[in-house]
Structure formats: C-alpha cells, structure tokens
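The values are calculated or read from the model by the stated rules, or taken from the named source; none is laboratory data. Keep in mind that this is a model prediction, so the values were computed, not measured. Glycine also receives a Cβ, built like all others from the backbone with ideal geometry; neighbour counts cover every protein chain displayed.
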Amino acid sequence: MAHLDDTDTQRANTSFIRAAMRAPILSRDHEVDLARRWRDSRDERALHELVTAYTRLVVSMAGRFRHYGLPTGDLIQEGNVGLMQAAERFDCTREVRFSTYAAWWIRSAMQDFVLRNWSIVRTGTTAAQKSLFFNLRRIRAQIADIETGGAAGEASRRIAETLKVSISDVQAMEMRLAAADQSLSAPLGENGEDSWQDLLSDPRPDPEQVVIGMRDTASRSRWLKEALDALSPRERRIICERRLVDEGATLEDLGRALGVSKERVRQLENRALGKLRNAMRLRVTAPDELFVEA
C-alpha cells in the first residue's frame with residue numbers, strides 16, 4: 001500500500017509540473033491587469049490565472065532545493081504558499097514584473113521549509129546564518145585552496161568575509177552540515193545494550209528533593225504568617241497591600257487611607273520589613289523547637 005501511495009504522489013507531482021509548464025506566459029500589461037483586478041475587486045478568476053501562469057517559477061525553484069533531501073512535492077507546496085503571498089502583496093503600480101517579485105517570496109518560503117525540516121536541530125535563526133547555510137557549499141567549491149573535509153584556515157576566513165559572518169560561525173555550520181541526525185535510541189556499540197539516551201542526565205529533581213522542597217516551602221509560608229501576625233495592624237496592612245499582591249497600592253493611596261503622609265507610610269513599611277527580615281532570619285538560624293510554646 002505504501003508503494004502505491006508513493007506512486008500516486010509521484011504521478012500527481014508529475015501532472016502538476018506538466019500543467020505548470022504548459023501555462024501561457026503573460027504579457028506585462030495583462031499581468032498588471034490581473035493583479036489590479038485581484039487587488040481592487042478580489043476577482044478570484046484573475047488570481048487563479050495570475051498564479052497559474054507563474055507556477056513554473058515554483059517548479060523551477062524546487063529543483064534548486066532538491067539536493068537537501070526533501071520531497072519535491074513538499075517543496076512545491078511550500079513554494080505555492082510563497083506564490084500566493086506574493087500575489088496578495090504585489091503592488092501593480094510599481095515598475096517591477098510579478099515574476100521578479102514572486103521569485104523572492106517563493107525562494108523565501110522554500111528556504112524556511114528547508115531550515116525547519118533539514119535537521120531536528122535548529123540550523124539558522126538570523127539572516128546571516130541562513131545565508132551561510134544556503135551559500136556555504138557553493139562558496140566553498142569556488143575556493144581553489146579549500147582543504148579536503150572542511151572549510152579551514154584561509155578558506156574559512158575568505159568564506160566568513162564573503163558572507164559577513166565570523167570564522168567560528170563558518171566552522172560550526174560546516175560541522176553541522178557534515179553530520180547527520182542520530183537517534184538517541186541508537187546503541188553505543190555494535191553489541192552494546194546501552195544507548196545514547198542512557199548517558200543523558202535527568203534534569204528533574206528526585207523524589208527526596210521534591211519532598212524536601214515541599215517541606216521547605218510549607219515551613220517558609222508558616223514562618224511568614226507568624227511574622228506577619230507579630231506586626232501591628234497598620235504595619236501588617238501596609239505590607240499586605242504593598243508587597244503581597246500583584247499590583248501593590250501606592251504610598252500616596254495608603255497614606256490617604258491611613259490618614260498619614262506617604263513619607264510616614266514609607267517609614268512604617270521599612271520598619272515592618274525590618275521586623276520580617278529579623279523574624280525570618282531567626283527562624284532559619286534557630287531550630288523549630290525554640291518556637292514551640294510551653
């Protein structure tokens with residue numbers, strides 16, 4: 001069944017490519033007219049004719065990216081998305097052919113698709129890194145004194161200068177392009193039972209650490225409550241409304257509510273914070289038994 005599915009997919013791709021290459025080439029005036037009808041009247045027939053005429057660009061561009069090992073049908077599908085984006089954004093009043101404008105969108109869509117699917121490791125994030133990814137092999141082949149097996153020494157420097165990136169970026173990208181993704185479930189040796197994932201450390205805390213953390217959190221909450229209860233009602237209100245809510249009250253608002261100046265509120269807050277710090281510090285340094293009532 002899988003073989004039949006692959007055959008059907010290949011036939012569909014071949015049929016699409018043939019239809020794209022048979023589409024008539026548009027004149028400049030007709031191209032502008034179609035773009036204007038879509039922009040002004042949302043004429044779907046005009047959009048269909050415009051996009052169909054330049055689907056050949058998608059097919060041609062897909063051929064340039066097929067050496068990255070991705071299915072041609074997927075590349076064409078992504079290129080069609082870029083072509084539709086070009087049709088949506090094209091300004092027919094400018095002195096530029098739609099084919100020139102669409103080629104940029106098609107290439108960009110395919111490049112993004114390659115970067116997302118070429119490796120499970122994210123390959124490029126900045127424009128410079130993307131340029132390095134797609135141009136490294138071409139520039140490396142143009143340098144006559146390139147060393148076998150990698151862009152090293154003078155070659156790395158010349159590539160870095162050409163693409164305006166650092167030498168370390170060139171060397172790192174060279175290594176990533178030369179290495180394929182490997183499964184963490186793959187065995188370490190030919191006859192070994194251990195796999196690469198056995199060497200990974202588990203970042204999650206062990207059960208003992210979880211219990212200790214829960215106990216520490218509960219203790220700190222209890223200590224804070226006891227320290228707050230030891231404050232005067234006015235001090236406790238200031239701390240609660242200023243420090244223990246997401247959007248604390250201002251000094252001025254509390255001053256009006258308490259009938260004092262905002263400077264007095266600041267003094268009371270600082271005094272209350274000092275009491276809390278002392279109480280918490282005493283709790284941390286002294287055993288709980290000292291606080292048990294007789």
- Item | Qualifying positions in the range 66-83 - surrounded by fewer than 22 Cβ atoms within 10 Å (Cβ to Cβ), farther than 22 Å from residue 25 by Cα and not β-branched (Val, Ile, Thr) | 66, 67, 68, 69, 70, 71, 73, 74
- Message: Just the residues that are under 18 Å from residue 55 (Cα atoms) and acidic (Asp, Glu), please, taken from the range 8-32.
- Response: 31
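Tally time: how many residues in the range 211-239 are assigned to a helix (DSSP H, G or I) and more than 39 Å from the chain's Cα centre (by Cα)?
Step one: of the range 211-239, the residues assigned to a helix (DSSP H, G or I) are 211-229, 233-239.
Checking the rest, the ones that are also more than 39 Å from the chain's Cα centre (by Cα) come to 219, 222-229, 233-239.
Matching residues across the range 211-239 total 16.
Report, by residue number, each residue of the range 42-52 that is touching a residue at least 24 places away in the same chain (Cβ under 8 Å) and surrounded by fewer than 20 Cβ atoms within 10 Å (Cβ to Cβ).
47, 52 - these are the residues of the range 42-52 that are touching a residue at least 24 places away in the same chain (Cβ under 8 Å) and surrounded by fewer than 20 Cβ atoms within 10 Å (Cβ to Cβ).
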- For residues in the range 184-240 being modelled with pLDDT of 80 or more and of a type in the set (Val, Ile, Thr), which is nearest to residue 277 (Cα to Cα)? 239
- Can you name the residue in the range 50-108 that is under 19 Å from residue 134 (Cβ atoms) and of a type in the set (Lys, Arg) and, of all such residues, is modelled with the lowest pLDDT? 66
